[in-house]
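Here the structure comes first, spelled out in structure tokens, and everything after it is commentary.
The values are calculated or read from the model by the stated rules, or taken from the named source; none is laboratory data. Computed from a predicted model, the values in this text were never measured in an experiment. Glycine also receives a Cβ, built like all others from the backbone with ideal geometry; neighbour counts cover every protein chain displayed. Ligands, DNA and RNA are stripped out before the accessible areas are found, and what is left, the full protein with its side chains, is counted by its heavy atoms. Shrake-Rupley method; radii C 1.70, N 1.55, O 1.52, S 1.80 Å.
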Amino acid sequence: MEHRTLLNPTEVNIILHRLACQLVEKHHDFSDSVLIGIQPRGVFLAERLSSILKTEHQISDLQLGYLDITFFRDDFRRTDKPLEAKSTELSFPVDDKKVIFVDDVLFTGRSIRSALTAIQSFGRPSEIELLVLIDRRFSRHLPIQPDYRGRQVDAINNETVKVNWSEDGKNDSVLLFNNIS
């Protein structure tokens with residue numbers, strides 16, 4: 001399958017540091033804010049941002065959680081293959097907190113809609129923001145936009161954006177695949 005590299009490891013690193021700076025500008029010491037990685041792919045990005053915020057910006061009390069949206073998706077019964085749920089790990093209350101959802105790619109917006117529904121089971125945040133590494137801006141099915149974006153990509157429907165992470169055994173990169181045979 002034909003592909004091209006949108007971001008190499010150096011560019012991914014630069015974007016992660018820029019996103020971390022933007023979060024500090026808005027949330028300062030994170031005393032009223034929490035990061036929540038959307039399972040499965042948003043977890044790598046959330047963990048990486050958490051590490052940068054703690055080590056380079058001295059955010060010592062940063063709360064990081066993971067949210068599984070599997071059974072909140074509107075398409076979870078539309079497939080014959082069995083679903084594999086991930087774990088939700090929220091060891092802190094979200095009531096009256098500023099929640100920052102973190103995901104790797106914003107495509108149709110359906111995953112974020114699912115996350116908005118799922119988080120209600122854990123309380124009522126005062127505010128919810130969205131941070132994504134890649135914003136596929138011409139693919140939205142729902143009126144959902146990121147508050148923080150690493151890069152905007154104008155991919156058409158027969159193209160796929162794939163984010164690779166070193167934590168997943170690959171070099172950090174973002175690739176664009178053309179799915180035409």
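Put simply, of Asp104, Asp68 the only residue that is touching a residue at least 60 places away in the same chain (Cβ under 8 Å), open to solvent by less than 80 Å² (accessible area, probe 1.4 Å), in contact with a Lys or Arg (Cβ under 9 Å, 6 or more places away or on another chain) and not small (Gly, Ala, Ser) is Asp104.
The residue of the stretch 144-163 that is nearest to Arg18 (Cα to Cα), among those that are surrounded by 19 or more Cβ atoms within 10 Å (Cβ to Cβ) and in contact with a Ser or Thr (Cβ under 9 Å, 6 or more places away or on another chain), is Val163.
A residue that is in contact with a strand residue (DSSP E or B) (Cβ under 7 Å, 6 or more places away or on another chain) and open to solvent by less than 70 Å² (accessible area, probe 1.4 Å) can be found somewhere in the stretch 80-88.
What about Ser50, is it over 17 Å from Ile128 (Cα atoms), open to solvent by less than 40 Å² (accessible area, probe 1.4 Å) and among the small types (Gly, Ala, Ser)? Against the criterion (over 17 Å from Ile128 (Cα atoms), open to solvent by less than 40 Å² (accessible area, probe 1.4 Å) and among the small types (Gly, Ala, Ser)), Ser50 qualifies.
Among the residues of this structure, Ile112 does not count as one that is of a type in the set (A, V, I, L, M), at pLDDT 95 or above and open to solvent by 50 Å² or more (accessible area, probe 1.4 Å). Scanning the stretch 122-143 for residues that are open to solvent by 80 Å² or more (accessible area, probe 1.4 Å) and not basic (Lys, Arg) yields a count of 4. Quick one: would you say Asp80 is modelled with pLDDT under 95 and over 19 Å from Asp103 (Cβ atoms)? Taking the combined requirement at face value, the residue satisfies it.
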